[in-house]
Amino acid sequence: MTELIFTRRAGRRAWILMAVAGVAGLIQISQLSAQDADLEISLGGSGDTTGIELRVSGGSGNFHTVEETEALDAVKWAPLSIRRLSDPNQSVSLEVPADSSRFFRTREFDPDSAENFVGGFRMTDHRGISHELHYEEDRAAVLLIFVDRQALESDDLVTRVKSVRDEFTANQVVTWLVNVEPGASRVEIAASAAATRLDVPILDDRTQVLGIGLDARAELDAVILDPESSRILFQGPLAAEENGANLVTSALREIVSEKTAPVRLVKSSARPLPIQSPTSLTYTHDIAEVLQKHCVQCHSDGNIAPFSMTEYESVADRSRQIRRVVLSQQMPPWHADPEYGHFVNDSALPAADAQRLITWIDEGGARGDGPDPLEEANQNTPVPVDYPATWPKALGEPDYVISIPKQDLPANGEVDYRYITVKTDLPKGEWLRAAVVLPSNKAVVHHALAFNGSFEQFLGGLDGYFSAYLPGTEALTFPEGTGKWLPKGEEIVLQIHYITTGQPESDTTSLGLYFHDEEPQRALITEAASSIRIDIPPNALDHEMTASKTFDTDVLLYELSPHMHYRGSRFRYEAHYPDGSVEILINIPKYWFDWQRPYRFAEPKRLPKGTAIVCVGAFDNSRFNHENPDPSKRVRFGEQTDDEMFIGYIHYSEE
């Protein structure tokens, strides 16, 4: 075994070890920016070519990391070990394959640096339940164990998970398994778990963004997190031992007793998990096209996003924010569980693109050579301003526009819903292919619903609407082959929820009507399953409710759109068929009030007479809900956003 000794020295020299097929040599480098102090490496040992022993010395009480790379110009060095040096002669051994070349370095490691924090993340488990790291902040630790189907069936996994759960209570340590196998469905994962009688959540990381973000690439890699700070406290094999003691268990004991533990990383030599992530990515060659495809439409001047992606700097400066919203599945704004249904307006970030973004950010966000693709596009073909700043570009100008009288608003306070009636002046009735509500002042219009005919017919929006403007909604034509009939002289009632901004404001919201050239095949109906029997106790974490609607004829189901307020946390639509079978139509594990998207099926779904649509949802009135106005308040039905609603809109036609 060749022995390499890293010794902290004064002076201006920096050293890196090069090992080629077991032969070690020294490279002197005048300056190495990644190293915080000059290093010298001395060699010795038996000459065994199967491995190399690295011994790090110096700086008692400090953390050091040992890292490797295959090329000195690599963007990222891979950590092999992180540990605190309590004495000058601690060592860690690692194997270097005989046919490979490696470069090694050591440097001081700051446990408070950004690289040691995973940040917030959200994952859905094998049962369709959402899990967010910050919800566990009252626990001492969250233990993540990375698996695939093969690892799930391991006796060692079952034994060690049981050992952790026997020693630590659920209030001390939460254990989550993380499946990173791309081809494994939830049903298959659940079957593997059932075979071994594992009853812990198995998070669905088939996109592999969490595995890549935590660099967990080996079977049963374990990561211990502080859920309050998102700090990484330990990473290494679940079975790793030192002096006869399991390192994971030892770390958890320290954390539970002291709410902290020395940061520790141990490289695993277990079977690699099927994680494939690109390397050496650059903005110009790899990332700009992802942003152009999935982000720039909103993140452009005049459009809905809070900042524009117009050049490299505008992206690089917000890279940690981008990493956080991708890991939490907050952006792009598509929140339907991919396990159920296919939707034409699915805007979810594909797995390969999510992997590129996370990897690029973690590698340091290199720009790359050549011109800036976003800057060039912004100069030559800028993204046009689109809905809701103007009429939707995909639809063009409406055939007919109705505007409400100017509405003056106070600077402060709550504004009661306003109901404004406007009369159409069409020479004849029209079949509509779209109806779009357009605020003139987006800052004050929280939402607006339009009703035709009797306002009471729709129960003020509890049983449907004619057209709507909702937070984060998109303006779509009605489903293909459908339309809504607007009789001659029909009155339109607009229900508008205004909010105040701290200064006097005004608004003249409009309704744009787009005509069909001929009568469509079917009339589109928008109704709802809803309930006003809402009574949410203070601090309730998961207050469940249901509502239903039964069809008295065969129908074609086109689109679903749930509606709750700030305490809404999850929503699921089920079809309960006359034969007693039940189908999940859509599952929204994490409901976002600011993104009330419509979910339109790729193919309309035929439902037989007697089918009931059952909506199952829940409210989170706890302090963990960062959108919650007041966890101490008992919440009931009401129109304002600090009250609650429970509505499942259903868009269908009769057969």
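The values are calculated or read from the model by the stated rules, or taken from the named source; none is laboratory data. The structure presented is a predicted model; accordingly, all values stated were derived computationally and were not measured. Neighbour counts run over all protein chains shown; Cβ positions are idealised from the backbone, glycine included. Heavy atoms of the whole protein, side chains included, go into the accessibility calculation; ligands, DNA and RNA do not. Shrake-Rupley method; radii C 1.70, N 1.55, O 1.52, S 1.80 Å.
Kindly indicate the residue of the range 491-519 that is of a type outside the set (A, V, I, L, M) and open to solvent by less than 20 Å² (accessible area, probe 1.4 Å) and also nearest to Y419 (Cα to Cα) among those meeting that condition. Across the range 491-519, the extreme among qualifying residues is Q495. Say whether the condition of being open to solvent by less than 30 Å² (accessible area, probe 1.4 Å), out of contact with any strand residue (DSSP E or B) (no Cβ under 8 Å at 6 or more places or on another chain) and under 30 Å from G120 (Cα atoms) is met by at least one residue in the range 373-394. Yes - at least one qualifying residue is present in the range 373-394.
Restricting attention to the range 360-384, the residues being part of a loop (DSSP other than H, G, I, E, B) and closer than 12 Å to V296 by Cβ number 4.
Exactly one residue out of S269, S277 is more than 25 Å from the chain's Cα centre (by Cα), at pLDDT below 90, under 21 Å from A218 (Cα atoms) and small (G, A, S): that is S269. Of the residues making up the range 320-345, those that are in contact (Cβ under 8 Å) with a residue 12 or more places away in the chain, open to solvent by less than 40 Å² (accessible area, probe 1.4 Å) and under 15 Å from the mean Cα position of the chain (by Cα) are I322, R323, V326, L327, S328, P332, P333, W334, H335, A336, D337.
When only residues in the range 233-248 that are touching a helix residue (DSSP H, G or I) at 6+ places or on another chain (Cβ under 7 Å) and either charged (D, E, K, R) or open to solvent by 20 Å² or more (accessible area, probe 1.4 Å) (or both) count, which is farthest from G120 (Cα to Cα)?
That would be E241.
Residue count for the range 171-213 satisfying the condition of being of a type outside the set (D, E), touching a helix residue (DSSP H, G or I) at 6+ places or on another chain (Cβ under 8 Å) and touching a residue at least 60 places away in the same chain (Cβ under 8 Å): 15.
Here is a yes/no grid of residues against (1) under 19 Å from S154 (Cα atoms); (2) under 21 Å from the mean Cα position of the chain (by Cα):
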position: E188; (1), (2): yes, no
position: A194; (1), (2): yes, no
position: D199; (1), (2): yes, no
position: S229; (1), (2): no, yes
position: S257; (1), (2): no, no
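Taken together, the criteria place F624 among residues that are touching a helix residue (DSSP H, G or I) at 6+ places or on another chain (Cβ under 6 Å) and either in a loop (DSSP other than H, G, I, E, B) or surrounded by fewer than 21 Cβ atoms within 10 Å (Cβ to Cβ) (or both). Of everything listed in (1) within 28 Å of V118 (Cα to Cα); (2) in a loop (DSSP other than H, G, I, E, B); (3) open to solvent by 50 Å² or more (accessible area, probe 1.4 Å), the single unmet condition for L349 is (3). Is it true that some residue in the range 214-229 is in contact (Cβ under 8 Å) with a residue 40 or more places away in the chain, under 23 Å from W360 (Cβ atoms) and in a helix (DSSP H, G or I)? No, because not a single residue in the range 214-229 is in contact (Cβ under 8 Å) with a residue 40 or more places away in the chain, under 23 Å from W360 (Cβ atoms) and in a helix (DSSP H, G or I).
Residue by residue, here is whether (1) within 30 Å of S185 (Cβ to Cβ); (2) touching a strand residue (DSSP E or B) at 6+ places or on another chain (Cβ under 7 Å) holds:
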site: L273; (1), (2): yes, yes
site: P278; (1), (2): yes, no
site: L281; (1), (2): yes, no
site: M309; (1), (2): no, no
site: S347; (1), (2): yes, no
site: A354; (1), (2): yes, no
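Limited to the range 188-209, what total is found for residues that are within 13 Å of E339 (Cα to Cα), open to solvent by 50 Å² or more (accessible area, probe 1.4 Å) and part of a helix (DSSP H, G or I)? The qualifying residues number 1. Among the residues of the range 536-550, those that are touching a strand residue (DSSP E or B) at 6+ places or on another chain (Cβ under 6 Å) and either modelled with pLDDT under 95 or not β-branched (V, I, T) (or both) comprise D542, H543, E544, M545, A547, S548, K549. Looking at the range 523-595, the strands (runs of 3 or more DSSP E) lying wholly inside it that each contain 2 or more residues that are of a type in the set (A, V, I, L, M) and within 27 Å of the chain's Cα centre (by Cα) sit at 582-588.
If you go through the range 150-170 and pick out every residue that is closer than 16 Å to D221 by Cβ and part of a helix (DSSP H, G or I), you end up with 8.
Matching residues to (1) in a loop (DSSP other than H, G, I, E, B); (2) charged (D, E, K, R); (3) open to solvent by less than 30 Å² (accessible area, probe 1.4 Å):
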| site | (1), (2), (3) |
| --- | --- |
| P604 | no, no, no |
| I613 | no, no, yes |
| K633 | yes, yes, no |
| I650 | no, no, yes |
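I275 passes every criterion in (1) open to solvent by less than 30 Å² (accessible area, probe 1.4 Å); (2) in a helix (DSSP H, G or I) apart from (2).
Residues in the range 397-415 that are out of contact with any strand residue (DSSP E or B) (no Cβ under 7 Å at 6 or more places or on another chain) and open to solvent by less than 30 Å² (accessible area, probe 1.4 Å): A411 only. Under the condition of being touching a helix residue (DSSP H, G or I) at 6+ places or on another chain (Cβ under 8 Å), surrounded by 15 or more Cβ atoms within 10 Å (Cβ to Cβ) and either assigned to a helix (DSSP H, G or I) or on the phi > 0 side of the Ramachandran plot (or both), the residues counted in the range 106-126 number 1. Please verify whether the range 127-136 includes one or more residues that are out of contact with any helix residue (DSSP H, G or I) (no Cβ under 8 Å at 6 or more places or on another chain), open to solvent by 60 Å² or more (accessible area, probe 1.4 Å) and more than 15 Å from D205 (Cβ to Cβ). No, there is no match, as no residue in the range 127-136 is out of contact with any helix residue (DSSP H, G or I) (no Cβ under 8 Å at 6 or more places or on another chain), open to solvent by 60 Å² or more (accessible area, probe 1.4 Å) and more than 15 Å from D205 (Cβ to Cβ). Is it fair to say Y387 is out of contact with any Leu (no Cβ under 6 Å at 6 or more places or on another chain), closer than 30 Å to Q503 by Cα and assigned to a loop (DSSP other than H, G, I, E, B)? Spelling it out, Y387 is indeed out of contact with any Leu (no Cβ under 6 Å at 6 or more places or on another chain), closer than 30 Å to Q503 by Cα and assigned to a loop (DSSP other than H, G, I, E, B). Please verify whether the range 487-494 includes one or more residues that are under 29 Å from S622 (Cβ atoms) and in contact (Cβ under 8 Å) with a residue 12 or more places away in the chain. Within the range 487-494, none of the residues are under 29 Å from S622 (Cβ atoms) and in contact (Cβ under 8 Å) with a residue 12 or more places away in the chain. Do the conditions hold for T473, that is, is it among the β-branched types (V, I, T), open to solvent by 20 Å² or more (accessible area, probe 1.4 Å), modelled with pLDDT under 95 and not in a strand (DSSP E or B)? Against the criterion (among the β-branched types (V, I, T), open to solvent by 20 Å² or more (accessible area, probe 1.4 Å), modelled with pLDDT under 95 and not in a strand (DSSP E or B)), T473 qualifies.
Under the condition of being at pLDDT 95 or above and crowded, with 17+ Cβ neighbours inside 10 Å, the residues counted in the range 416-440 number 10.
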